[in-house]
Each structure stands twice: as C-alpha cells, then as structure tokens.
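The values are calculated or read from the model by the stated rules, or taken from the named source; none is laboratory data. Since the structure is predicted, the reported quantities are computational estimates derived from the model, not experimental observations. Cβ sites come from the backbone with ideal geometry, for glycine too, and all protein chains shown count toward neighbours.
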Amino acid sequence: MSLSAAGRPASRNGPGGPWPEVLAVLPAAIRNIVSAAGDDILSRVEEIRIRTLKPLMLGLDSGDVMISPDGSPAAGRGQAYTVGEEDVNRCLQLISGSSVYALEEEIRNGFITIAGGHRVGITGKAVLEGGRVKTLKYISGINIRISREVIGAAASLMPKIIDRDGKTIHHTMIFSPPRCGKTTVLRDAVRIISDGLPEYGLPGQAVGLVDERSEIAGCYQGIPQRNVGVRTDVLDGCPKAEGMIMLLRSMGPSVIATDEIGRAEDVRALEEVLNAGVRVIFTVHGSSLEELALRPALNYLFRLGVVDRYVLLGRRGRAGVVEKVFGAEDAAKTGVAKC
Amino acid sequence: MLKLLGAVLLVGAGGVAGILVAREYARRPVELKSLLASIQMLETEIIYAATPLAEALERVAAVSDRSVACFFEKAAGELRSMTGCTGAEAWERSLDWYYTMNSLTRREMSILASLGRALGISGREDQAKHLRLACEQLKREIIRAEEEAARNTRMWNYLGFCASTAAAILLY
C-alpha cells in the first residue's frame, strides 16, 4: 500500500473524469455549452451554478466565470447564456431521475447526491409545516459541486498523525476555511487508514465513517462511489452524533471518521467515542485555533485536551496542503484562554 | 357454381370481420383492467416504497399482464437511456408506441398522457393524488367499456354474418 500510485496526488474518477455523471444530469442546452467549454476549463471546474434568469456560471479553482452559449468564458453578463426556468426544471428532473418523491428528505435538507458522489445543492421557496421545512418548491437555484477523488491527497498528512507505538492514528482534527480540501484529504486519509500503511507501521484499521452529507464516500443508493478503503463501514446520510454512537455500538471500529463537527451534540458524541478507546479523525470549519476556540462546543473539546493533532490545511497551489500541525497543548492554551 | 363460391366467401369474410370487431370490444375492458392493476402497482411502488421511477416501472413491467407490460418496460428503458429525457418524455414516447398496438380509445390514452405529465415531478402526497385520479378515471372507463362490450360484442358477432348473408342474397 502506498500513499499515492505516482508519488503525488492524482485525480481518480474513471474514464472521462467526473464528467459523464455530471453531464447526464444537465439539460441538453446547458450540457452542450459545458461540453464545449474545453479541457482547460473543465479540468478546473469545481462547481456549476444554474440559477433561474441568471447567467450560467462555472466555479473554477481561481474563481467563477460566466459562460457564453458557445462554451467560452463570457466577457460580461450580456454575452453569457441566461438560464431559463425550463432549464432549472429539467435539471431537477434529471438530477432526481424523475423521482422527486423518492428524494423528499434530501430536498428538505437542500442537497441531493448523484451518481459519482457529486453533491447538488438546491434552493427555492421553503414550505413550512409546524415551523420546520417540509419541502422546497419553485426551485430556482442548483449548484452542482463536482467531487474529485484525489488519491494521495492525504500523503503529507499521514506521517504526522500516525501513532507508531500504538500502531494506529492519533485523535486528529483537520480544520481550514471552506474550499481548502478538508473533505478530499479526509476521504484519502480514511482510505489509507482502512487499507493500512505498512511503511509507517500502520496496519489496516476497521474504520467507521459517518457521512451525513454523502460527501466523503459519495454513496449513491447506499454504495460508496469513492474509494474509502477495504475496511470502512459507511453510515450514509446519518446525523453525525447519532451515527458515531451507532457505529461504536454496532460495528466495533478502531477509528471513527466524520465531517464538519461543530454542534454541541456532535462534541458530546465525540467525547463518548474518545472515552471508548476508539480513535477519531474529523474535520471542522475554521481558519485558526483562536477562531475555533470562540465556538462553545469546540472550546469544550479543546479543554478536554484529548485531541492530539490539529491539522490546518491551506490552498497553496492546490487544495489540501498541510499548512501547520498543532499539538494538544497549543489548543488547550488557546481554548482555555478564550473560555 | 362460381356464384355460390363467391357468396360463401362473402359470408365468410363478413362473418370474420364482424367477429374481429366484436373481439376488439371484448378486449378493451380486459386491457383497461390490466392497465388499472399496473397503475395501482406503480402507486404502491411510488407512494409506499418511494422506488425511483425507472426501477418502479421495471418492477411493474415484470409483474404486469403481458398486454400492458411492454408499455412500462419501454418507458423504463427510455428513462434509463441517460439521453437527457425526463420521466414525462419517456412515458409519452412509450405511450405513442403503445397506442399503435392496443384497443384503447383516445379518451383512455389521454388519461394516461395526463398521468405521465405529472409523474415524478412532485412529492409523494401529490403523486398519490395524480395516481388515484388516473385510477378513478380508468375505473369509469372500464364500466363504460364493459357496457359497450356487452352491447356490441354479440351484435357484431351476428351482424357480420347477417349483413354479408343479406348482401350475398341480393347479389345472387
């Protein structure tokens, strides 16, 4: 088992990259425009934004661009392709496989995961029932976030989080501002931990993965579309706090992984897992330890002093670069000071 | 002798034509009942199992009567083809094809067409309304088709023979 087949991160989405699955859910007019955009743009696309009566936009790693009807970047709004109501409706039909009724829970949560593990965010008018969102209607905005599996994205992270003596990993928190590759790095770390990394003395571990938003394993109809390792059990679409406890009780994991911890109940569940002798690796939104310490739930976690590694990711050149690794003492100091 | 042969042929052809028309009348309620049963199965798949439409259509096709299974099978195939066609379009294409090979009337086909336009575009509650409406409309059509069949089947069975016999006598 190696960190990466070629020694450096490599995208792995099968022939044609992520595009066959993504193009399949675009209405014909938009599909033709996006297909004509050219490889240079397509290889850098992170998002496709489809908003009713607004220009069609592609979110690239360097920022977003409006796209003209011939697929080239538009100089201004006037030259860009304007998305029609019919485009959005058709897109929703294609995303749902004409089965909106089968995705009521997903629509209520505001996102749908399509084949290939790509996450589609939707906005519209919320219909409330008892003060809670029952569903969305008049869908007017669709954001297709293209999920790229980067084998080797966690290559530089792994040596810093492996506990060679215990032949496992340290309790690890990965944090960064949005779009710095937390999920990509976590996914690859889960794969490596699950498959094992003998050169660093890490045997394969049973990993329990709580994938509340279907972003890590990219499950489509329950089957992971991403390589998350041979010893990984995925609890897809399950709330994190509940999922961690369920995995702990039912699957006997050595490591539990999850994304975007932040609420008090998540930290309480995490505490239970930590006290059960299971290692954890999870991600958090934030750009510094000081900022994280301002959030009450995370402040409490800092004071517990149980997380061994706090890994800050950055975006130098590419997403998922390890900027700095902090120890428990750094967090404890920050956390207690701000408390 | 030749005249006699011609008369026999005329009576035979008229009789067969009458039987065929009578059979169409008798076939309609049977087909409508099969269609109703299939749509009720589709309702179960959509409302209770929340099965994705393509899979639901395939399941219905697998257990439906042979006369209507091909319709659901084709609609599922169109939807699975990933050519960017929606559920409504897949249903419509299949319906256009099916129309050429069954005994249903335009009114009955329009019930199916209306259902197709609503299929898969809304939540379960709304889908249930559309499916139940289509079922109710089909039930009314079944009653009508049975009455027509009772009235016309026997008549056409005799009419073919009688009319052709009368024509033969006149020509003889």
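Miscellaneous remarks
- One residue stands out in region A:96-138 among those that are hydroxyl-bearing (Ser, Thr, Tyr) and assigned to a strand (DSSP E or B): the one that is nearest to the chain's Cα centre (by Cα), namely A:Thr113.
- Scanning region B:129-151 for residues that are surrounded by fewer than 16 Cβ atoms within 10 Å (Cβ to Cβ) and within 12 Å of chain A (Cβ to nearest Cβ) gives a single hit, B:Lys129.
- Among the candidates B:Ala37, B:Ala61, B:Ala56, the residue that is buried (at least 20 other Cβ atoms within 10 Å of the Cβ), modelled with pLDDT of 95 or more, within 30 Å of B:Ala118 (Cβ to Cβ) and away from chain A (no Cβ under 14 Å) is uniquely B:Ala61.
- The residue pairs whose first member lies in region A:92-108 and is more than 7 Å from every other protein chain (Cβ to nearest Cβ) and more than 15 Å from B:Gln127 (Cα to Cα), whose second member is surrounded by fewer than 24 Cβ atoms within 10 Å (Cβ to Cβ) and hydroxyl-bearing (Ser, Thr, Tyr), and whose beta carbons are closer than 8 Å, counting only pairs six or more residues apart or on different chains, are A:Ile107/A:Thr135; A:Arg108/A:Thr135.
- Every listed requirement among (1) within 30 Å of A:Arg226 (Cβ to Cβ); (2) part of a loop (DSSP other than H, G, I, E, B); (3) not basic (Lys, Arg) is met by A:Ala75 save one, (1).
- Looking only at region A:318-333, and only at residues there that are part of a loop (DSSP other than H, G, I, E, B) and of a type outside the set (Lys, Arg), the one that is surrounded by the most Cβ atoms within 10 Å (Cβ to Cβ): A:Gly320
Conditions tested, residue by residue: (1) within 21 Å of the chain's Cα centre (by Cα); (2) over 30 Å from A:Arg316 (Cβ atoms); (3) crowded, with 23+ Cβ neighbours inside 10 Å; (4) at pLDDT 90 or above.
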| position | (1), (2), (3), (4) |
| --- | --- |
| A:Ala154 | yes, no, yes, yes |
| A:Met158 | yes, no, no, yes |
| A:Met173 | yes, no, yes, yes |
| A:Gly218 | yes, no, yes, no |
| A:Ile223 | yes, yes, no, no |
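- Residue that is surrounded by the most Cβ atoms within 10 Å (Cβ to Cβ), among those in region A:298-317 that are in a loop (DSSP other than H, G, I, E, B) and out of contact with any Gly (no Cβ under 8 Å at 6 or more places or on another chain): A:Val307
- Any hit, region B:91-111, residues being out of contact with any Cys (no Cβ under 8 Å at 6 or more places or on another chain), closer than 22 Å to A:Tyr101 by Cα, within 11 Å of chain A (Cβ to nearest Cβ) and in a helix (DSSP H, G or I): yes
- Any chance B:Thr51 is within 14 Å of another protein chain (Cβ to nearest Cβ), surrounded by fewer than 17 Cβ atoms within 10 Å (Cβ to Cβ) and either hydroxyl-bearing (Ser, Thr, Tyr) or under 29 Å from B:Glu73 (Cβ atoms) (or both): no
- Only one entry of B:Ala134, B:Ala145, B:Ala168, B:Ala163 meets the criterion of being modelled with pLDDT under 95 and over 30 Å from B:Leu2 (Cα atoms), and that entry is B:Ala145.
- Among the conditions (1) assigned to a helix (DSSP H, G or I); (2) within 14 Å of chain A (Cβ to nearest Cβ), B:Ile121 misses just one, which is (1).
- Any hit, region B:80-93, residues being under 26 Å from B:Arg144 (Cβ atoms), surrounded by 15 or more Cβ atoms within 10 Å (Cβ to Cβ) and under 15 Å from the mean Cα position of the chain (by Cα): yes
- Of the residues making up region B:65-90, those that are among the acidic types (Asp, Glu) and away from chain A (no Cβ under 12 Å) are B:Asp65, B:Glu73.
- Residue in region A:44-65 that is in a helix (DSSP H, G or I), more than 24 Å from the chain's Cα centre (by Cα) and away from chain B (no Cβ under 12 Å) present: no
- Scanning region A:164-183 for residues that are touching a residue at least 12 places away in the same chain (Cβ under 8 Å), not in a helix (DSSP H, G or I) and not β-branched (Val, Ile, Thr) yields A:Arg164, A:Lys167, A:His170, A:His171, A:Met173, A:Phe175, A:Ser176, A:Pro177, A:Pro178, A:Arg179, A:Cys180, A:Gly181.
- Restricting region A:225-260 to residues that are free of Cβ contacts under 8 Å to residues at least 40 places away in the same chain and β-branched (Val, Ile, Thr), the residue that is nearest to A:Thr168 (Cα to Cα): A:Val230
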